[in-house]
Amino acid sequence: MKTYSADSSSGAIVPWREGSAAYADQLKRELGTDGVVLGIIDPATPAADALLAVQGAKGADVSAWCDKGFKSDTLLRDARKKGVSVGKTAKTTGPALPASRHAAVFVQHASTGSSRSWYMAISRKKAAFSDIELTQGQLALSMIRAQFDHTGEPDLGRLMLGEDNRLIHADPRSETLFLEKPDVLADLAEQLQPVAAQRWEGLDDQDFHDLTLNLGGQATWVRFYRGRAGRGIDQRHFYIELRPSAKDDLPAVGLVEDERVSLAMGYMSDHFVDTPGLNELADYIEASPFHFHRLFSRGAQISPKHYLLRTQLQHAKWLLRASRKQIGEISGLSGFASHGHFTATFHKMVGESPSSYREKY
């Protein structure tokens with residue numbers, strides 16, 4: 001099976017926005033599957049918001065499986081003991097896939113001491129799955145799991161929260177952090193959804209957004225998207241990346257008194273590459289430039305100009321650490337008009353050149 005990796009140019013973590021569906025498409029091509037259900041399950045709280053990809057199954061059937069059918073799924077019960085099971089799908093005793101299909105169900109424990117498991121069910125009409133195909137399925141699920149748990153960046157934490165803010169899954173390092181400092185996870189659960197709702201009206205599924213929150217007393221860069229497994233699945237999860245913020249990054253700002261300030265923060269987060277000016281930002285919240293500048297500076301404790309500049313530099317530093325892109329390319333991806341302007345600004349704000357900063361990482 002082909003592997004998928006992070007796209008450092010955009011920050012898109014491929015297995016969780018595009019990659020989970022890509023794996024499902026690849027299984028369809030290579031194994032002839034007509035149905036896939038992929039996600040993380042907890043026997044105590046099986047829920048559709050913990051699923052990552054659903055193809056060839058009705059949303060209502062998936063929800064019913066989570067509500068009641070989970071306990072009577074004989075293939076799942078067998079796979080939890082053996083790692084993989086095969087058989088025929090059935091409406092009341094099988095996975096949430098069309099009935100009378102040849103099916104294979106794969107289960108891998110998510111982490112030591114946890115009841116959560118990675119889960120994948122696949123089905124097709126034509127024939128039972130061979131031993132080689134079962135090995136391919138096991139390998140595919142192992143790859144998906146590994147790409148979530150092994151973040152690649154030394155300071156990156158990766159997790160998923162449900163709509164009710166329960167922890168669906170976290171990479172091992174983050175799970176250890178939450179055990180040692182439970183207030184980090186508690187602060188995230190308390191702040192993320194209210195602040196996101198204030199900054200982005202009607203959050204779109206699958207679009208990454210960025211903000212900085214105070215988590216456990218530490219300013220933390222939170223990059224997230226709200227996603228769902230497929231059409232007909234109403235329940236959504238939050239995929240989240242956490243990175244510690246440096247002193248010259250964006251300050252931690254939660255809910256603000258004036259929602260227009262919050263909307264402007266969200267707009268700058270989404271459009272920093274275009275370097276929106278004061279007039280454009282003021283027009284966005286329907287205020288005069290002078291009034292907007294005063295409102296924003298009071299609400300964010302930083303001027304609009306410096307909020308935007310810190311946003312751009314924060315992304316630039318991340319690309320310098322996490323990618324091999326040329327510095328000239330990074331300057332454009334971060335919203336700077338030229339390589340020279342980027343280098344001069346970076347040196348002034350960060351205290352060293354981009355190349356020197358990169359050498360440290």
- Item | Residue-span extension gain [ASP283 to ASP155] - 0.36 nm each, minus C-alpha spacing | 42.3 nm
- Query: For LYS28, which lysines qualify as cross-link partners when the Cα separation must be under 25 Å and same-chain residues fewer than eight apart are set aside?
  - Reply: LYS2, LYS58, LYS82, LYS88, LYS91, LYS125, LYS126
- Message: Straight-line reach from LYS81: which lysines fall under 21 Å, measuring Cα to Cα and dropping same-chain residues less than 8 apart?
- Response: LYS68, LYS71
- Task: Evaluate Rg over Rh across the range 223-308, taking Cα atoms for both radii and Kirkwood's formula for Rh.
- Result: 1.05
- Query: Stretched out fully, how many nm does the piece from ASN214 to ARG231 gain, at 0.36 nm a residue minus the Cα gap?
  - Reply: 2.7 nm
- Item | Amide N of the range 50-81 lying under 17 Å from the label point, which is placed 7 angstrom from the Cα of ALA44 along Cα→Cβ | 50
- Task: Using a Förster distance of 35 angstrom, determine the FRET efficiency expected from the C-beta separation of ASP258 and HIS339, and round it to 0.05.
- Result: 0.40
- Relative to the longest principal axis of the chain, what angle (0 to 90°, nearest 10) does the C-alpha long axis of helix 131-149 take? 30 degrees
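Compute the FRET efficiency between LYS81 and TYR361 as 1/(1 + (r/R0)^6), taking r as their Cβ-Cβ distance and R0 = 41 Å, and round to the nearest 0.05.
Step by step, r from the Cβ atoms, then E = 0.40.
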- Item | 20 Å Cα-Cα reach of LYS348 towards aspartates and glutamates, excluding residues that sit fewer than 8 places from it in its own chain | ASP248, ASP249, GLU329, GLU359
- Item | Nearest 10 degrees, 0 to 90: helix 304-322 Cα axis against the chain principal axis | 50 degrees
- Message: Classify the range 14-149 from the C-alpha gyration tensor, please: rounded if a/c falls under 1.5, else prolate or oblate depending on whether a/b exceeds b/c.
- Response: rounded
- Item | Sites SER130 and LYS247, calculated FRET efficiency, Cβ-Cβ separation with R0 41 Å, nearest 0.05 | 0.10
- Calculated from DSSP H runs of 4 or more alone, at -39500 (n - 2.57) each and per residue, what is the 222 nm mean residue ellipticity of the chain, nearest 500? -12500 deg cm²/dmol
- Task: Note down the net charge around ARG236, summing +1 for each Lys or Arg and -1 for each Asp or Glu among other residues with Cβ under 9 Å from its Cβ.
- Result: -2
- Message: Output the 0 to 90 degree angle, nearest 10, between the alpha-carbon long axis of helix 339-350 and the longest principal axis computed from the alpha carbons of the chain.
- Response: 80 degrees
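Read the figures in this text as sums done on the coordinates, not as results from a lab. What you are looking at is a predicted structure, and each value in this text was computed from that prediction instead of being measured. When we count neighbours, we look across all protein chains shown, and the Cβ atoms used for this are built from the backbone with ideal geometry, even at glycine.
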